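Report on the structure given below.
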Amino acid sequence: MDKKLLLVDDEEGIRKVLGLSLSDIGYEVFTAENGDQALEIFREETPPIVLTDIKMPGMDGIELLQSIKQENPDTEVIMITGHGDMELAIKSLKYRAIDFVTKPINDDILEIALNRAHEKIQMRNKLREYTENLEELVRKKSAQLIAMERQVAVDQTVEGLSAAMRNIAGDLEGGIDYFNEMPCFVSIHNRDLKVVAANQLYRDRLGDKAGANSWDVYTADRGDRDKCPSAETFKNQTGQRTKATVKYVNGKQTPVIVHTAPIRNQAGEVELVVEIAADMAEVSRLREELLHTQQRYQQLFDEVPCYISVQDNQFRLTAANRRFKEDFDVAVGSYCYEIYKHRDTPCPNCPVVKTFEDEKSHQAEMVVTSKSGERYNVLIWTAPLRNAAGQVTHVMEMSTNITQVRQLQDHLSSLGLKISSISHGIKSMLTGLDGGVYLVDSGFAKEDPTRVREGWDAVKITVGRIRTLVQNILFFAKERELVWERISVFDFVCDVASGLEPKIKAQGVEFECNFGQSMGDFEIDTGVVRIALINILENALDACLEDDVKMAHKIIFSAGRDQDHVFFEISDNGIGMDRETCKNLFTLFFSSKGNKGTGLGLFITKKIIEQHGGKISVVSKPGAESRFRIVLPKRFPSSI
């Protein structure tokens, strides 16, 4: 395993301390103080892992990540970030960073991130090894097919044999020995139509005919002096292809296909004729064997657990295996970029293009779209296919679907973010609890009732937040059946409002309730719907407390109904939210409060409302009013 690692940070102390720590656990550490220096070292040493700070003067960590991934997508990059740089850390994951660690760096967390990077590298190497082995297997099968086809296509070898015979005309026996291993009858005839030499198979089956007449081995018309294959060749001065029947030494007769080729002397006159006769039964056997081999090859081609296609130099598909045809729209002559990407031109950095250019194998990772519209992450490996002259005429492309691997990596990254988000939230609450306890202790020590009261209020607020967090985590972690009951709408909203009114007014925020007694009743799980409304009211209170622009703040809690639904509206004149925040507000672990929030509350609120068959929406702008609207059916939805 390559243990090289590039550490990039503009702080010399971090480079020195962290570099020593990494060296102690076996890494060969290279350090750089900025992005430009890091790129120079990266190009020279090509380390498989880069550990870089996000915020640096000049080229920052995100730009360095993009440059590294562009030059070598296989390099794994781990980002170093401060607690306030969480958005940048998340952005780095979008640019394919493997992980990030926060300052101060915890050795255990760093080791987990490094192990994750090594696991990904090992997985990619195994995929590459698997693909290479598959390529070698296909190459061997292709070679066997080519060899078989060359044996059957006797007529394609005649010219080559003639040239060889011309070179060995002075040593006939040596020339015939050259053909002793050929699975057909080879003989050489002179102008007198006499057999001057024959290969071993000819002598074994047709007899030792040296000096015999050229027509002696044939029956019927071809057994005549003027009509035997060699006589026709001397007469016409060109090669012939004829059907004939030969007599074996044991009396058996068998049909053959005879190919002849004239061998000329330096004056250009036909001096000798070479006859090559192929046993039709042997040809049939070879064809059957070839067909069987082709079928086995096709089965192997189709059963390989990846996508295989063969493309010509215009990037048109000339062959594809079964799995490729099942997942993509394939037609003879289709262009690969049309099938994979629905493009009109070849893809940028296409590995097939590169293979045609330099005649070498290339690897790439791409996102492709199947005929059903699904998007797949695929790892692509190309291999050049050459003709008999050694020219690359086609490229074979093998693609392995690694979508599940990428999804697993995304889930693991998301899980890390979730755990980090909850941890920061809990840490913030504990800090607030410590501050409250300190005020209480110092108040008692100094006999200062005001300080004791201030500290106790802080403790109560923090305990309330911890209680809410625990309730949200339990609700998120465990599905529960809803306990439906019919309750008065008025009684329910009064209960929710009375529970939070003291807390809201204690913070100096006005609390207005708009609901009447004639709203009837509805069917809900009162416990969980109460949690949902409290989550929104507490978020409204937080929005008011964070706003230091307006002199006075107000929360309005309203309720109403129509024939089939009950409506709740909660509005505040706090800091407001931008469009992006409104869009992601109900996403799991999304929080606009930094370390003060966990991102669970509003996600769970939406889940509760949807469990009841209802809907929730929000309208807001920065610095303006925020309004949440909840719509619930009056009666228990039968479809739930």
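Structure values in brief
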| quantity | calculated |
| --- | --- |
| First in the stretch 447-473 and outside the structural domain of Ile608 (by TED's automatic domain parsing), second anywhere and modelled with pLDDT of 85 or more and part of a helix (DSSP H, G or I), Cβ under 7 Å, 6 or more apart | Val452/Phe444 |
| Number of the exception - Gly373 against (1) under 14 Å from the mean Cα position of the chain (by Cα); (2) farther than 22 Å from Thr131 by Cα | (1) |
| Top-ranked residue of the stretch 90-104 - restricted to ones that are in contact with a strand residue (DSSP E or B) (Cβ under 7 Å, 6 or more places away or on another chain) and of a type outside the set (Gly, Ala, Ser), ranked as nearest to Glu71 (Cα to Cα) | Ile98 |
| Residue match in the stretch 318-330 (condition: in contact with a strand residue (DSSP E or B) (Cβ under 9 Å, 6 or more places away or on another chain), modelled with pLDDT under 80 and not aromatic (Phe, Trp, Tyr)) | yes |
| Answer residue from the stretch 342-377, given it is crowded, with 20+ Cβ neighbours inside 10 Å and among the β-branched types (Val, Ile, Thr) and is farthest from His394 (Cα to Cα) among those | Val368 |
| Of residues in the stretch 456-497 being at pLDDT below 85 and among the small types (Gly, Ala, Ser), the one surrounded by the most Cβ atoms within 10 Å (Cβ to Cβ) | Ala458 |
| Cβ pairs under 6 Å, 6+ apart, first in the stretch 485-496 and at negative phi, second among the aliphatic types (A, V, I, L, M) | Val489/Met519; Val489/Val566; Phe490/Met519; Val493/Ala559; Val496/Leu533 |
| Odd one out for Val195, checked against (1) surrounded by fewer than 21 Cβ atoms within 10 Å (Cβ to Cβ); (2) assigned to a strand (DSSP E or B); (3) not acidic (Asp, Glu) | (1) |
| Which numbered condition Val195 misses (of (1) within 19 Å of Pro255 (Cβ to Cβ); (2) without any contact (Cβ under 8 Å) to a residue 40 or more places away in the chain) | (1) |
| Condition met for Gly443 (surrounded by fewer than 16 Cβ atoms within 10 Å (Cβ to Cβ) and either out of contact with any strand residue (DSSP E or B) (no Cβ under 7 Å at 6 or more places or on another chain) or at pLDDT 75 or above (or both)) | no |
| Residues that are farther than 17 Å from Thr400 by Cα and aromatic (Phe, Trp, Tyr), drawn from the stretch 338-372 | Phe356 |
| Residue, surrounded by the fewest Cβ atoms within 10 Å (Cβ to Cβ), within the stretch 320-341, restricted to residues that are in contact with a helix residue (DSSP H, G or I) (Cβ under 8 Å, 6 or more places away or on another chain) and under 15 Å from Met398 (Cα atoms) | Arg322 |
| Search result, residues across the stretch 1-41 that are small (Gly, Ala, Ser) and in contact with an Asp or Glu (Cβ under 7 Å, 6 or more places away or on another chain) | Ser21, Gly35 |
| Residue match in the stretch 559-576 (condition: assigned by TED's automatic domain parsing to the domain that holds Gly623, under 26 Å from Arg467 (Cα atoms) and out of contact with any strand residue (DSSP E or B) (no Cβ under 7 Å at 6 or more places or on another chain)) | yes |
| Residue match in the stretch 215-225 (condition: among the charged types (D, E, K, R), under 18 Å from Ala278 (Cα atoms) and assigned to a helix (DSSP H, G or I)) | yes |
| Single match in Tyr218, Tyr202, Tyr248 (criterion: more than 11 Å from Ser187 (Cβ to Cβ), out of contact with any His (no Cβ under 9 Å at 6 or more places or on another chain) and buried (at least 18 other Cβ atoms within 10 Å of the Cβ)) | Tyr218 |
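Table: residues versus (1) touching a residue at least 40 places away in the same chain (Cβ under 8 Å); (2) in contact with a Phe, Trp or Tyr (Cβ under 8 Å, 6 or more places away or on another chain).
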| site | (1), (2) |
| --- | --- |
| Leu7 | yes, yes |
| Glu12 | no, no |
| Leu22 | no, no |
| Glu28 | no, no |
| Gln37 | no, no |
| Thr46 | yes, no |
| Thr52 | yes, no |
| Met56 | yes, no |
| Gln66 | no, yes |
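The values are calculated or read from the model by the stated rules, or taken from the named source; none is laboratory data. Because the structure is predicted, anything quoted here is derived from the model rather than measured. Backbone-built Cβ (ideal geometry, glycine too); neighbour counts: all protein chains shown.
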